[in-house]
Amino acid sequence: MSTVSSGPIVVVDYGMGNLRSVWQALVSVADGRQVLVSHDPSVVRSAERVVVPGQGAMPDCMRELETRDLRTAVLEAARNKPFLGICIGQQMLLEHSEEGDVAGLGLIAGGVRRFPDEHMVDSAGRRLKVPHMGWNQVWQRSRQALWQGIADGERFYFVHSYYVDPLDAGWVAGTTDYGIDFTSAVARDNIFATQFHPEKSARPGLAMLANFVCWKP
Amino acid sequence: MGLAKRIIPCLDVTAGRVVKGTNFVDLRDAGDPVEIARRYDEQGADEVAFLDITASSDQRDIILHIVEACAAQVFIPLTVGGGVRSVADVRRLLNAGADKVSINTAAVENPDLIAEASAKVGNQCIVVAIDAKQSSPGAWQVFTHGGRRNTGLDALIWARRVQQLGAGEILLTSMDRDGTRNGFDLALTRAVSDAVDIPVIASGGVGTLQHLADGVSVGNADAVLAASIFHFADYTVRQAKEFMRERGIEVRL
């Protein structure tokens, strides 16, 4: 075991809901490493790796990120540290969201869109409900350290009405079929982000988080 | 392939203990909700639901400790309901580690609570529980207070209303079937599921695996909830899923 440790794993708390389950799930795979939940920009800066979760509505999330002075710290982390975005924490990486017509952080060219009503039917002609809630399959579209040990097509837990639509297909790390084939994971360099909730996705979710904890991008 | 239909085992909890006994042979403590939830997770449950039926208000906070302990060990979604009366109650449960909170009587008495709660915490966290009883063929009325009080509300109208107010999901229980083991009220389930755009969890009356499958394939439910068939170890969640998959229903296995 290496004793070299360069800081904690920090879950960024910008006041949007409960982060306990993200924290608990990370602790369960962190192998004794320190996992902190913090709203303090300096703690985020001290992190070795950063997790940005998020639930609720994107406009509220962006506003809270600003109000709490966390925007810059999150942007910095996304530039040079192992960075994991979850749900709204993924959506905010894009330029813009249809939800509340709000600007995101703009790290990924493209937008966040609502599931289009006209495509919300399954192969049997039954209406698909929104929010997309439950366990759906994630098809791996690129080789990623975070997919290691996870079967292609594995099911993860989703709950959302909006999805990311990156302009550059090079960002797409996973896709999921729900009326449309949408991007359910993005990745590039030190950034990995998912629409699904690994912290609520039983064994496959924990496996992904374990991969993140020791990821060396 | 696509979104799986969910199976949700439900535990009735009072003062921190599971009410109905369980026949899990190798549980150290059959009354411990956390240990049972963990067992269901191992069996492949898609979510777990706790219904807090604690009568006395001074024991209400016990559920928070149970939720905390559960969230530390079980990494699937957890829904908690029973006695939720305010946004503060919703927040307390979410902060303890619940992923969704279900509101029943208080939603009928104060529909604004649904709007207020979903605006504060997001509609994905708000489940409205509807207890319905047939009043005439093809018509059902909403009951509260554990099925004792008829509100006179039409179940389909109420279901559409709670969606409008911001519910993220509906937990629909047939009071006619609850506890009978005669199967879901499929006409009710289908009528409500077709009336709304949000997911509907069917509940009340499951006695066989066929009942679970019917809830999805006939009732159009997005998820099925059951208590006793899993508690008494008649079937495991995995057996239920295998049964459903053999009948062409998409499940997570």
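The values are calculated or read from the model by the stated rules, or taken from the named source; none is laboratory data. Note that the structure is a prediction, hence the values are computed from the model and not measured. Using ideal geometry, Cβ is built from the backbone for each residue, glycine included, and neighbour counts are taken over all protein chains shown. When the accessible area is computed, the model is the full protein with side chains, heavy atoms only, and any ligands, DNA or RNA have been set aside. Shrake-Rupley method; radii C 1.70, N 1.55, O 1.52, S 1.80 Å.
I'd like to know if region A:198-211 contains one or more residues that are surrounded by fewer than 21 Cβ atoms within 10 Å (Cβ to Cβ), out of contact with any Asp or Glu (no Cβ under 8 Å at 6 or more places or on another chain), assigned to a strand (DSSP E or B) and not aliphatic (A, V, I, L, M). Among the residues of region A:198-211, not one is surrounded by fewer than 21 Cβ atoms within 10 Å (Cβ to Cβ), out of contact with any Asp or Glu (no Cβ under 8 Å at 6 or more places or on another chain), assigned to a strand (DSSP E or B) and not aliphatic (A, V, I, L, M), which makes the answer no. Pairs meeting the criteria (first residue in region B:66-82 and more than 11 Å from chain A (Cβ to nearest Cβ) and touching a residue at least 40 places away in the same chain (Cβ under 8 Å), second residue among the polar types (S, T, N, Q) and part of a loop (DSSP other than H, G, I, E, B), beta carbons under 7 Å, at least 6 apart or on different chains) are B:Gly81/B:Asn104. Within the bounds of region A:150-161, is there any residue that is part of a strand (DSSP E or B), open to solvent by less than 40 Å² (accessible area, probe 1.4 Å), touching an Asp or Glu at 6+ places or on another chain (Cβ under 7 Å) and not aromatic (Phe, Trp, Tyr)? Within region A:150-161, none of the residues are part of a strand (DSSP E or B), open to solvent by less than 40 Å² (accessible area, probe 1.4 Å), touching an Asp or Glu at 6+ places or on another chain (Cβ under 7 Å) and not aromatic (Phe, Trp, Tyr). Could you list, in sequence order, the residues of region A:166-181 that are farther than 19 Å from A:Val121 by Cβ and touching a residue at least 60 places away in the same chain (Cβ under 8 Å)? Hits for region A:166-181 are A:Pro166, A:Asp168, A:Trp171. For region B:58-83, the candidate set comprises residues that are open to solvent by less than 10 Å² (accessible area, probe 1.4 Å) and in a loop (DSSP other than H, G, I, E, B); within that set, the residue that is farthest from B:Gln124 (Cα to Cα) is B:Val74. If the condition is being part of a helix (DSSP H, G or I), away from chain A (no Cβ under 14 Å) and out of contact with any Lys or Arg (no Cβ under 7 Å at 6 or more places or on another chain), then region B:90-107 contributes B:Thr105, B:Ala107. Residue-level check: of (1) of a type outside the set (Val, Ile, Thr); (2) away from every other protein chain (no Cβ under 11 Å); (3) more than 13 Å from B:Asp52 (Cα to Cα); (4) surrounded by 24 or more Cβ atoms within 10 Å (Cβ to Cβ), B:Ser86 misses just (4). Residues in region A:113-144 that are away from chain B (no Cβ under 12 Å) and either touching a strand residue (DSSP E or B) at 6+ places or on another chain (Cβ under 8 Å) or surrounded by 19 or more Cβ atoms within 10 Å (Cβ to Cβ) (or both): A:Arg113, A:Arg114, A:Pro116, A:His119, A:Gln140, A:Arg141, A:Ser142, A:Gln144. Cβ-Cβ distances below 9 Å connect the following pairs, each with a first residue in region B:218-238 that is closer than 15 Å to B:Val18 by Cβ and open to solvent by 50 Å² or more (accessible area, probe 1.4 Å), a second residue that is among the basic types (Lys, Arg) and in a loop (DSSP other than H, G, I, E, B), and a separation of six or more residues or different chains: B:Phe232/B:Lys20. Scanning region A:178-197 for residues that are touching an Asp or Glu at 6+ places or on another chain (Cβ under 9 Å) and in a loop (DSSP other than H, G, I, E, B) yields A:Gly179, A:His197. Scanning region B:202-217 for residues that are within 14 Å of another protein chain (Cβ to nearest Cβ) and open to solvent by 10 Å² or more (accessible area, probe 1.4 Å) gives a single hit, B:Ser217.
For region B:121-148, residues that are over 24 Å from B:Ala88 (Cβ atoms) and either assigned to a strand (DSSP E or B) or over 20 Å from the mean Cα position of the chain (by Cα) (or both) total 12. Restricting attention to region B:232-246 and to residues that are closer than 12 Å to B:Ile8 by Cα and assigned to a helix (DSSP H, G or I), the residue that is nearest to the chain's Cα centre (by Cα) turns out to be B:Val237.
Would you confirm whether or not region A:88-110 contains a residue that is within 12 Å of chain B (Cβ to nearest Cβ), assigned to a loop (DSSP other than H, G, I, E, B), touching a strand residue (DSSP E or B) at 6+ places or on another chain (Cβ under 7 Å) and not hydroxyl-bearing (Ser, Thr, Tyr)? No, region A:88-110 contains no residue that is within 12 Å of chain B (Cβ to nearest Cβ), assigned to a loop (DSSP other than H, G, I, E, B), touching a strand residue (DSSP E or B) at 6+ places or on another chain (Cβ under 7 Å) and not hydroxyl-bearing (Ser, Thr, Tyr).
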